[in-house]
Amino acid sequence: MNVNEHHGQQAQTAAGAQVSTGTANDKAPVPDAAIPELVIISGMSGAGRSTAAKCLEDLGWFVVDNLPPALIPTMVELGARSQGNVARIAVVVDVRGRRFFDNLRESLADLEAKNVTRRIVFLESSDEALVRRFESVRRPHPLQGDGRIVDGIDAERELLRELRGDADLVIDTSSLNVHELRAKMDAQFAGEEEPELRATVMSFGYKYGLPVDADLVVDCRFLPNPHWVPELRPYTGLNEEVAGYVFNQPGAKEFLDRYTELLQLVATGYRREGKRYVTIAVGCTGGKHRSVAMSEKLAARLAAEGVETVVVHRDMGRE
């Protein structure tokens with residue numbers, strides 16, 4: 001991808017991107033108001049980085065793929081010099097070596113020192129899903145060497161562990177198709193104004209496994225299961241009678257009240273720390289009754305508090 005040169009000379013990078021090297025006269029400070037919004041897309045190979053990048057490109061972001069991490073501050077500087085023509089930059093980084101990772105850490109520290117607002121989107125997926133994807137396209141994992149695909153996945157996961165912990169938004173694509181991943185990206189980045197905090201409330205069934213992208217996990221299995229009430233069993237927590245049954249149980253309303261208070265405290269801390277996204281996973285045995293009803297109520301409470309909220313019922317209809 002070519003980057004338009006506005007000042008100085010151009011240099012060709014190993015990844016094929018052209019960046020301005022600048023001149024001595026180009027070193028003047030750039031006003032803070034001109035600094036573009038920055039999103040760094042990373043994650044596991046095969047987890048959907050290219051799809052996420054394409055989605056942002058369709059939303060009008062200036063996207064640079066496979067940019068060496070050391071050049072990210074240069075990219076931000078170029079955007080700042082564009083006089084508002086490049087207001088939002090998305091950079092896809094493919095961290096496959098220790099030196100690359102060290103360069104990324106140095107670049108992030110440099111951006112923080114310059115008060116550049118940046119967000120990290122990390123694409124995650126299960127080992128099983130990644131193996132299927134690599135086998136379906138008959139390609140080796142970039143880090144597997146002479147070993148198996150799972151060996152490459154293990155090596156990459158270990159290399160990216162610290163970056164995943166620093167991510168502002170983790171998206172698990174294990175069970176998502178391309179359209180569903182694009183919908184998630186649209187939900188987070190399509191708005192004209194960036195809200196203070198966005199929350200995804202996700203119901204799930206423990207028998208299908210914990211959501212790997214959850215920041216907080218709530219267990220509703222302390223409540224009686226509507227599954228054992230014959231007239232309620234066919235329905236879901238979206239049904240008024242099922243929801244009424246759940247919230248008429250001892251402790252249900254108190255739990256909702258107390259947990260909402262806790263989330264208000266957590267949300268305040270997230271805003272203070274600059275975290276803009278949170279995924280709250282609400283679980284029951286099958287992800288059909290209790291967790292669905294509780295997720296709907298919890299999402300309504302968060303929305304009433306001014307938190308932009310999306311509800312996802314991961315396992316509803318799966319039984």
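The C-alpha atoms of the chain occupy a region whose extents along the principal axes are 75, 48, 29 Å, arranged from largest to smallest. The ellipsoid that matches the Cα gyration tensor of the stretch 47-102 has semi-axes, each √(5λ) in whole angstrom, of 21, 17, 5, with the longest given first.
Calculated mean residue ellipticity at 222 nm for the chain: -11500 deg cm²/dmol, from DSSP H runs with n ≥ 4 weighted as -39500 (n - 2.57), summed, divided by the residue count and rounded to 500. Short-range pairs are left out: with C-alpha atoms under 8 Å and at least six residues apart, the relative contact order of the chain is 17 percent. For the stretch 234-306, the solvent-accessible area with a 1.4 angstrom probe is 49 square angstrom per residue. Per-atom-type breakdown for the chain gives carbon and sulfur 49% of the accessible area (1.4 Å probe, protein chains only). Using a probe of 1.4 angstrom and keeping all protein chains present, the accessible surface of the stretch 49-179 works out to 49 square angstrom per residue. Work out, in µm²/s and without decimals, the Stokes-Einstein translational diffusion coefficient of the stretch 36-193 at 4 °C, 1.567 mPa s, Rh from Kirkwood over C-alpha pairs. Taking Rh from Cα pairs, D becomes 80 µm²/s. The label point for N248 and the one for A87, both projected 7 Å from the Cα toward the Cβ, are 5.3 nm apart. Taking a straight Cα-Cα cut-off under 18 Å and skipping sequence neighbours fewer than 8 places away in the same chain, the lysines within cross-link reach of K114 are K27. So which aspartates and glutamates pass the test for K288, namely a Cα distance under 14 Å, with those fewer than 8 places away in the same chain ruled out? Output for K288: D219, E240, E241, E296, D315, E319. Radius of gyration over Kirkwood radius for the stretch 167-319, both on Cα atoms: the Rg/Rh ratio is 0.97.
The values are calculated or read from the model by the stated rules, or taken from the named source; none is laboratory data. Quantities reported herein were computed from a predicted structural model and do not represent experimental measurements. Here the Cβ is made from the backbone with ideal geometry for all residues, glycine too, and neighbour counts use every protein chain on show. Ligands, DNA and RNA are stripped out before the accessible areas are found, and what is left, the full protein with its side chains, is counted by its heavy atoms. Shrake-Rupley method; radii C 1.70, N 1.55, O 1.52, S 1.80 Å.
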